[in-house]
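Enquirer: Input: one structure, supplied below.
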Amino acid sequence: MRAVVLRAFDAPLELEERDAPTPRDGDESVLRVLACGVCHSDLHVAENFFGTELPLVLGHEIVAEDEQLGRVLVYAPWGCGECRFCRATEEMICPDAREAGLFQDGGYAEYVRVPARRYLYPIGELDPLQAAPLGCGGLTPYRSVKHARGWLRSGSHALVLGAGGLGQFGIQFLRLLTDATVHVGDPSAQKRERALELGAEEAAPPEELEGPYAAVLDFVGSDDSLAHAARLVDRQGIAIVVGLFGGRIPFGLGAVPHEAQFMSSIWGSRDELGELIEFAQREGLEYTIDPMPLERAQEAHDLIRSGRARGRIVLTP
Ligand SMILES: [Zn+2]
Ligand SMILES: [Zn+2]
């Protein structure tokens, strides 16, 4: 089969011919990949942010064809299946998780081996190209908005920091799942304009925002964005960091607003993926897909790294 393989960190991705995987035991399946989204965290994998062993096939936003279930979205944070997190379907928190495309071969290939049938979620009438980015780009903001919901009654204000791909999903989930007014902080005029089109009440450069906001969702996660989150979150509010930029801020009495809560939100649970697929079928989320063949995987990474990607890039093996 053809697969895009990461053979060395910070080196170009290579398209190569290799043997297709075979199932090793009863619960494993080998599926033909129909579409695989290119996620910003794929770039972090290629930069050795996660300490991955190589060679590796990247890709964790995988739609594939299953003989019994038809077209499925693959839940990619593969956990041990037995710990309390896995039993609660929160496999992305499993201390022994071996995620597809991060620690095991993922979906930048014609076939993918999936270790258990519980990871396969039928997508119904959704288009495979549209469904692929839901596996991470959609699921991650979905979970973070669910965390924030308890703070967002009618008349409250939510802030989204960073209106890139995840932030744009976040704005839509806040509008559809909460009664809060949505504000957006982003330095890019183009992204602020898109945020307003998606229903944000206000969009401004982060330093111009005054707050306070009952919930702040930080889709950047840099030192700067976290400092804005700590400055703008209300007393007894919640600040949730989602972005993988690796920033840090001081925490302690006097360093943050009184009784504000700070938490991280990582990816999403299996149950949430099931909910999100139903939700996407019902609500018709707005996001642009830019399909590319496997040959252009490196170009896709370059576009994302330079901020020139037009929407979510999805590889079509
Ligand atoms: Zn586990
Ligand atoms: Zn991702």
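Enquirer: So F173 clears everything in (1) more than 16 Å from ligand 1 (Cβ to nearest atom); (2) buried (at least 24 other Cβ atoms within 10 Å of the Cβ); (3) assigned to a loop (DSSP other than H, G, I, E, B); (4) not small (G, A, S) except one condition, right? Which one?
Expert: F173 satisfies all of (1) more than 16 Å from ligand 1 (Cβ to nearest atom); (2) buried (at least 24 other Cβ atoms within 10 Å of the Cβ); (3) assigned to a loop (DSSP other than H, G, I, E, B); (4) not small (G, A, S) except (3).
Enquirer: If you don't mind, there's one more thing I want to ask. So, in region 90-112, of the ones that are touching a strand residue (DSSP E or B) at 6+ places or on another chain (Cβ under 9 Å) and surrounded by fewer than 19 Cβ atoms within 10 Å (Cβ to Cβ), which residue ends up farthest from R270 (Cα to Cα)? Give the derivation first.
Expert: Step one: filter region 90-112 for residues touching a strand residue (DSSP E or B) at 6+ places or on another chain (Cβ under 9 Å), giving 98, 100-112.
After this cut, where a residue has to be surrounded by fewer than 19 Cβ atoms within 10 Å (Cβ to Cβ) as well, the list is 98, 103, 110.
Numbers: R98: 15, F103: 19, E110: 24 Å.
By that ranking, first place goes to E110.
Enquirer: For region 29-56, what are the residues that are assigned to a strand (DSSP E or B) and within 15 Å of ligand 2 (Cβ to nearest atom)?
Expert: Residues of region 29-56 that are assigned to a strand (DSSP E or B), as a first pass: 29-37, 56.
Those that are assigned to a strand (DSSP E or B) and within 15 Å of ligand 2 (Cβ to nearest atom): A35, C36, G37, L56.
Enquirer: Residues in region 258-280: is at least one surrounded by 15 or more Cβ atoms within 10 Å (Cβ to Cβ) and at pLDDT below 95?
Expert: no
Enquirer: Only residues that are under 13 Å from A64 (Cα atoms) and either within 16 Å of ligand 1 (Cβ to nearest atom) or assigned to a strand (DSSP E or B) (or both): list them for region 91-139, please.
Expert: A109, Y111, V112, R113, V114, Y119, L120, Y121, P122, listed by residue number.
Enquirer: For region 61-90, how many residues meet the condition of being basic (K, R) and within 10 Å of ligand 1 (Cβ to nearest atom)?
Expert: The first filter runs over region 61-90 and keeps only residues basic (K, R), leaving 71, 84, 87.
Add one more test, that the residue is within 10 Å of ligand 1 (Cβ to nearest atom), and what stays is 84, 87.
Adding up the residues that qualify gives 2.
Enquirer: Right, another one. Taking the conditions exactly as written (part of a helix (DSSP H, G or I), over 20 Å from H147 (Cα atoms), modelled with pLDDT of 95 or more and touching a Lys or Arg at 6+ places or on another chain (Cβ under 9 Å)), does D302 satisfy them or not? Steps first, answer last, please.
Expert: Numbers: part of a helix (DSSP H, G or I): yes; over 20 Å from H147 (Cα atoms): yes; modelled with pLDDT of 95 or more: yes; touching a Lys or Arg at 6+ places or on another chain (Cβ under 9 Å): yes.
So D302 fits the description; yes.
Enquirer: Restricting the search to region 180-213, which residues are touching a residue at least 40 places away in the same chain (Cβ under 8 Å) and of a type outside the set (G, A, S)?
Expert: Selection gives L198, P206, L209, P212, Y213.
The values are calculated or read from the model by the stated rules, or taken from the named source; none is laboratory data. Predicted, not measured: the structure shown is a model, and the values here were computed from it. For neighbour counting, all protein chains shown are included, and Cβ atoms are generated from backbone atoms with ideal geometry for every residue, glycine included.
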